[in-house]
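Here the structure is laid out as C-alpha cells; the discussion comes afterwards.
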Amino acid sequence: MAGSVSSLSIPMGEQLPTVEVEPSALEEFDIVGFNSRDLRSRPFNLLRTQVLKEMRDKHWNLLGITSATPEAGKSFLSANLAAAMAQLPDVRVCLFDLDLRRASLAEKFGLSGEHGLTQFLDGTTDDLKQVGQYISNLHLTLFPCYSSRVNSAELLAGDRFAKLVEAMRALPDDVIVICDLPPAFANDDAMTIIQRLDAYVFVIEEGMTTKVELRDAINLLSPAPCLGTILNRFSVSPLDAYGAYGKYDRYYGE
C-alpha cells in the first residue's frame, strides 16, 4: 500500500522536463486541436469555448472525460480538447491520464519515461516532477500514465490520490485540469474519480453507444454533474451548413 504524502503541489510548465512534439507525429493519432488552421480542429475550438464558458460560470476547474465502454474516443477527445484549450492566452491546461489500466496519452503525444502517475500513486516516487512533462510547442502540461497491471481501485481509493486532487484544486484559477478517465463500465475507477472532480463530459460513439448504456452510465456516475455529451465519429459536420467546407474554405483553413 502506498505511503502518504504530507504536502503536495503540482508543477507546471517549465518547472517540468520540457519536450517538443512534431505536429506530423501528433496527426498520426488525429491530434489536431492545437492547429486552428486545420479544418479538423474546428469542432474542438467550438467545444472548448462552450466548455470554458460553462466551467467559468460555475467556478469549476476539474473536468473528467469518460465513456460507457472502451474505444468510444474519450482519449482522442481529451487530447484534442486539452490541446485546443492550451492555445488560448488566458488559459493554462494540465492533462492527467487517470486510465491506469489502459493508459494511452503518452503514446499519442510520443512521450516516454520511467515514472508515470501509477508510480506516484503506488509510492515509487513522491516527486511529480519525475512524472509530468511540458510540451512547449503546444503550451500543454501532461501527467502521463504507462499501462500496467495494477490494482487501480486500491490506488485511487488511497491517500495519495486524495492529496493529488487537493493539489489540483490548489492550482491558480486560470488552470483547467482535464482528466482522461477509464470507461464507466470497465470497473469502478471512473465512479471513484468523478466524485472528486467538478464535472465530467460523456463521449458517445455514433452507432455503438446505446440509450440504455448512456442512461445507466449517468445513473452510475450520479450525483456528479454531467457537463454534456459528445457524439464521436458522427459523419456530418455542423459547419457544412455555414460553408466552411465550401466557398469560404480559403478564409477558414489551410
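The values are calculated or read from the model by the stated rules, or taken from the named source; none is laboratory data. Remember, predicted model here, so these are calculated numbers, not experimental data. Every residue, glycine as well, gets a Cβ built from its backbone with ideal geometry; the counts of neighbours run over all protein chains shown.
Numbers at a glance
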| quantity | calculated |
| --- | --- |
| All strands (runs of 3 or more DSSP E) inside the range 156-236 with 1 or more residues being surrounded by 15 or more Cβ atoms within 10 Å (Cβ to Cβ), modelled with pLDDT of 95 or more and among the charged types (D, E, K, R) | 175-180 |
| In the range 67-108, residue modelled with the highest pLDDT [restricted to those that are of a type in the set (Lys, Arg) and closer than 26 Å to residue 214 by Cα] | 74 |
| Where residue 110 falls short, out of the listed (1) surrounded by fewer than 19 Cβ atoms within 10 Å (Cβ to Cβ); (2) farther than 20 Å from residue 24 by Cβ | (2) |
| Hey, residue 76 in a helix (DSSP H, G or I), crowded, with 17+ Cβ neighbours inside 10 Å and of a type in the set (Phe, Trp, Tyr) or not | yes |
| All positions within the range 113-142 that are part of a strand (DSSP E or B) and surrounded by fewer than 24 Cβ atoms within 10 Å (Cβ to Cβ) | 133, 134, 135 |
| Residue count, the range 88-105 (criterion: touching a strand residue (DSSP E or B) at 6+ places or on another chain (Cβ under 7 Å) and not charged (D, E, K, R)) | 8 |
| Considering residues of the range 143-155 that are touching a residue at least 24 places away in the same chain (Cβ under 8 Å) and in a loop (DSSP other than H, G, I, E, B) only, the residue surrounded by the most Cβ atoms within 10 Å (Cβ to Cβ) | 145 |
| Extreme residue, nearest to residue 183 (Cα to Cα), among residues of the range 30-66 that are among the polar types (S, T, N, Q) and either modelled with pLDDT of 95 or more or assigned to a helix (DSSP H, G or I) (or both) | 66 |
| Answer residue from the range 92-119, given it is farther than 21 Å from residue 34 by Cα and among the aliphatic types (A, V, I, L, M) and is nearest to the chain's Cα centre (by Cα) among those | 98 |
| Residue in the range 80-94 that is part of a loop (DSSP other than H, G, I, E, B), of a type outside the set (S, T, N, Q) and free of Cβ contacts under 8 Å to residues at least 12 places away in the same chain present | yes |
